[in-house]
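Chemist: Input: one structure, supplied below.
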Amino acid sequence: MIGIAERYGVSRQAVHGWLRRYRTGGLDALADRSHRPRRCPHQMPAAVEAHLCELRHHHPGWGQRRLAHELARVGIDPPPGLTSIYRFESPRDQGKRSSLMLGQLGEQICMNRVPSWREASGSS
């Protein structure tokens with residue numbers, strides 16, 4: 001194993017990993033795989049994003065605390081943290097949100113048509 005690892009410039013742990021993948025899945029298992037995470041547990045749900053965007057659209061002067069209070073008041077429990085609300089779309093960064101903060105609704109949320117949070121969550 002050490003000779004093979006040295007010849008290809010990889011660690012012996014990498015060679016053992018390749019062998020394990022080959023034994024369980026054959027040649028197909030050795031294909032390159034994505035390193036992208038399968039999920040993002042701290043990401044805001046799309047319905048919360050939509051409601052937050054709706055609140056920001058109708059009340060641009062409200063700060064993070066008021067927005068968090070309003071989210072809690074309509075039953076979003078627990079509401080996102082103050083920093084998450086600020087980063088979602090701060091007044092100085094209108095339209096320049098981090099791609100980490102975008103959920104399933106993506107660019108549709110804060111563009112010309114702002115869907116209601118009930119519409120986004122599937123509620124009627």
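Chemist: If residue 19 meets every condition in (1) closer than 30 Å to residue 5 by Cα; (2) modelled with pLDDT under 85 apart from one, which number is that one?
Modeler: Result: residue 19 fails condition (2) only.
Chemist: Look through the stretch 69-90, keep the residues that are of a type outside the set (Gly, Ala, Ser) and not in a helix (DSSP H, G or I), and return whichever of them is nearest to residue 43 (Cα to Cα). Spell out the reasoning first.
Modeler: Step one: list which residues in the stretch 69-90 are of a type outside the set (Gly, Ala, Ser), which gives 69-71, 73-74, 76-80, 82-83, 85-89.
Add one more test, that the residue is not in a helix (DSSP H, G or I), and what stays is 74, 76-80, 89.
Working: 74: 20, 76: 15, 77: 15, 78: 13, 79: 12, 80: 10, 89: 14 Å.
The selected residue is 80.
Chemist: If you don't mind, another one. Which one is surrounded by the fewest Cβ atoms within 10 Å (Cβ to Cβ), of the residues in the stretch 71-90 that are among the hydroxyl-bearing types (Ser, Thr, Tyr) and within 17 Å of the chain's Cα centre (by Cα)?
Modeler: Restricting to residues being among the hydroxyl-bearing types (Ser, Thr, Tyr) and within 17 Å of the chain's Cα centre (by Cα), the top hit is 83.
The values are calculated or read from the model by the stated rules, or taken from the named source; none is laboratory data. Quick caveat, the model's predicted, so the values are computed rather than measured. Note that we place each Cβ from the backbone using ideal geometry, even for glycine, and neighbour counts take in every protein chain shown.
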